[in-house]
1. Where in the range 19-57 is the amide nitrogen less than 13 Å from a point lying 7 Å along the Cα-to-Cβ axis of Thr112?
2. Expected output is a single nm value to one decimal: the length gained when fully extending between Gln1 and Glu103, i.e. 0.36 nm times separation in residues minus the C-alpha distance. What is it?
3. When ligands, DNA and RNA are left out and all protein chains stay put, how many square angstrom of accessible area per residue does the chain have with a 1.4 Å probe?
4. Okay, which of the range 20-40 sit inside 17 Å, backbone N to the point 7 Å along the Cα-Cβ direction of Ala60?
5. Express the carbon and sulfur contribution to the solvent-accessible surface of the range 27-70 as a percent, rounded to the nearest whole number, probe 1.4 angstrom.
6. How large, in percent, is the carbon and sulfur part of the accessible surface of the range 75-115 at a probe radius of 1.4 Å?
7. Name the long-range amide H neighbours of Val48: under 5 Å, sequence gap of 5 or more, or other chain; modelled H, no Pro or chain starts.
8. Using Cα pairs closer than 8 Å and at least 6 residues apart in sequence, work out the relative contact order for the range 28-104, in percent.
Amino acid sequence: QVQLVESGGGLVQPGGSLRLSCAASGSIFSRSLIAWYRQALGKEREFVAQVSRGGTTDYADSVKGRFTISRDNAKNTVYLQMNSLKAEDTAVYYCNIKYRPYEYWGQGTQVTVSS
């Protein structure tokens, strides 16, 4: 069983930055595909970014150039650096780990971008 704990969310003004962290328990982290998703109020959960075992990254078009995902396998932690935040980035952000056939989700952390 893997447990994921996100942190780093909060209230930030438009144009500001936040860094989210997701710490994982267990031994599969370094062998897993790690991703961030988000869900805004009244909307479906959507993909934000992912990083493969080898470090290859991929981003949703809406966050390219503003968000950076990274992983530290020694700490079993994945990060999401979010810059130039916009009101439309407001959502609950979820960490996700895929290690076939298993998939795990964190509990989410709220990010609110507002002046």
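1. So the set is 41.
2. Result: 35.7 nm gained on full extension.
3. That works out to 54 Å² for each residue.
4. In the range 20-40, the label zone of Ala60 (backbone N under 17 Å from the point 7 Å along Cα→Cβ) covers 20-21, 34-40.
5. 45 percent
6. Summing carbon and sulfur atoms, their accessible area is 47 percent of the total for the range 75-115.
7. Under 5 Å from the amide H of Val48 lie the amide H atoms of Trp36, Tyr37, Arg38, each far enough along the sequence or on another chain.
8. Relative contact order comes out at 36 percent.
The values are calculated or read from the model by the stated rules, or taken from the named source; none is laboratory data. Just so it is clear, the structure is predicted and the values come from calculations on it, not from any experiment. Heads up, the Cβs are rebuilt from the backbone with ideal geometry, glycines too, and the neighbour counts pull from every protein chain shown. The accessibility values were calculated without ligands, DNA or RNA, using every heavy atom of the protein model including side chains. Shrake-Rupley method; radii C 1.70, N 1.55, O 1.52, S 1.80 Å.
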